[in-house]
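I have placed the structure first, in the form of structure tokens, so that the comments after it can refer back to it.
The values are calculated or read from the model by the stated rules, or taken from the named source; none is laboratory data. Predicted model only: the values in this text are computed from it and were never measured. Cβ placement follows ideal geometry from the backbone for every residue including glycine, while neighbour counts extend to all protein chains displayed.
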Amino acid sequence: MGDVLSQNEIDSLLAALNSGELDVEEIKENGEKQVKDYDFARPSKFSKEHLRTLEIIFEHYGRLLSTNLPVYLRKNVQVEVMNSEAVTYSEFTNALSNPVLLGIVNFAPLNGNIIIEMASNLGYAIVDRMLGGQGDVLDKIRDFSEIELLIIERIIVVCVNLIREPWANVASVHPRLERIETNSQYAQIISPSEMIAIVTMNIRIGTVEGLMNICLPYLTLEDIIDKLNTKYWYSNMQNQDETNYADAIESLIQRAKIPVKAVLGNSIISVSDFAGLQPGDIIRLDRKVEEELDVYVGNIRKFTALPGASGDDYAVRITSVIREEQ
């Protein structure tokens, strides 16, 4: 129930209106509710938070591509996430050129497929590089041959397999490349009016630069859409980082082999004396027989010891441990 005005408040309000201190039209404008336009043909199913989380996931994916693709292409590969947006599937397909490289990826266990769209110039550069060339693109655009598509498929399979790790904080997915299409008409994975999220990545292979678009339908992400927020993503990442690997690391270090050497002493001689050394010659060292020897672990002076023998072998007996502060 609204507040009830007292008689004094009513008199003050009427006096303000009569004097012109308050404007009736201004009061009406302030009292009107603001109406937000809503397009029922393009319902907003992806929030800014969802799109930002997708960018974070694919930034991680871009780092994996930059690390793994040079192994196959023997070229420096740089990947950068450009932006993300929500559009209808028809808008995405209408913007595609011809020919186009579309990887249809099964995003199990989630429902439906996603699409990886790669720029044609990147495809030509990959083929040229895999066949021993410099990674140059063609001057004239043409359709890809069956052999070229098989070569490109090998690289796209590598790209698909790398998707698992970035998505681990949100869902355990097992993507699998189903096929490659060069015509968008044969890649109608959902209704044209359905909403999708597109993450655009810029890829540079040597001197060749092109875009890769990841098409993620809402119907595919619907079951995990609540997990696509930065709070959930970061909390999951922190939970995974809390795992204690100290025991495993200690066990691996204990089995590591490192060189240990005892230095009997040092001496400085001329090059001519060194060149004339013969069996039986004596080199005078800078250490006496009764003095302790320095024992090195790797390149670090760690112990002092006295020389001796163990059975038929030469040996040293540790006399002290050298601490870091020493």
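Every residue, every condition in (1) farther than 25 Å from S184 by Cα; (2) among the hydrophobic types (A, V, I, L, M, F, W, C); (3) modelled with pLDDT of 70 or more, yes or no:
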| site | (1), (2), (3) |
| --- | --- |
| E9 | yes, no, yes |
| F40 | yes, yes, no |
| L54 | no, yes, yes |
| E59 | yes, no, yes |
| V81 | no, yes, yes |
| V100 | no, yes, yes |
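One residue stands out in segment 102-143 among those that are β-branched (V, I, T) and surrounded by 14 or more Cβ atoms within 10 Å (Cβ to Cβ): the one that is nearest to Y186 (Cα to Cα), namely I104.
When V157, V173 are checked against the criterion of being within 29 Å of H50 (Cα to Cα), assigned by TED's automatic domain parsing to the domain that holds E85, touching a helix residue (DSSP H, G or I) at 6+ places or on another chain (Cβ under 7 Å) and at pLDDT 85 or above, a single residue qualifies: V173.
For segment 44-80, the set of residues classified as acidic (D, E) and either surrounded by 19 or more Cβ atoms within 10 Å (Cβ to Cβ) or within 18 Å of L211 (Cα to Cα) (or both) consists of E55, E59, E80, listed by residue number.
For segment 59-169, the helices (runs of 4 or more DSSP H) that sit wholly inside it and include 1 or more residues that are among the β-branched types (V, I, T) and touching a residue at least 60 places away in the same chain (Cβ under 8 Å) are 89-94, 120-130, 146-161. Among residues of segment 182-193 that are more than 9 Å from N98 (Cβ to Cβ), those with a Cβ under 6 angstrom from a residue that is small (G, A, S), sequence gap 6+ or separate chain, pair up as P192/S90.
Residue count for segment 185-239 satisfying the condition of being at pLDDT below 80, touching a helix residue (DSSP H, G or I) at 6+ places or on another chain (Cβ under 6 Å) and not β-branched (V, I, T): 3. Screening segment 254-282 for residues that are among the charged types (D, E, K, R) and not in a loop (DSSP other than H, G, I, E, B) and picking the one that is nearest to A305 (Cα to Cα) gives K261. Inclusion of L219 among residues that are in contact (Cβ under 8 Å) with a residue 24 or more places away in the chain and under 24 Å from the mean Cα position of the chain (by Cα) is not warranted. Within segment 302-316, restricting attention to residues that are without any contact (Cβ under 8 Å) to a residue 40 or more places away in the chain and surrounded by 13 or more Cβ atoms within 10 Å (Cβ to Cβ), which residue is farthest from P259 (Cα to Cα)? In this case the residue turns out to be L306.
Every test in (1) polar (S, T, N, Q); (2) crowded, with 18+ Cβ neighbours inside 10 Å; (3) closer than 18 Å to L162 by Cβ is passed by T200 save one, and that test is (2).
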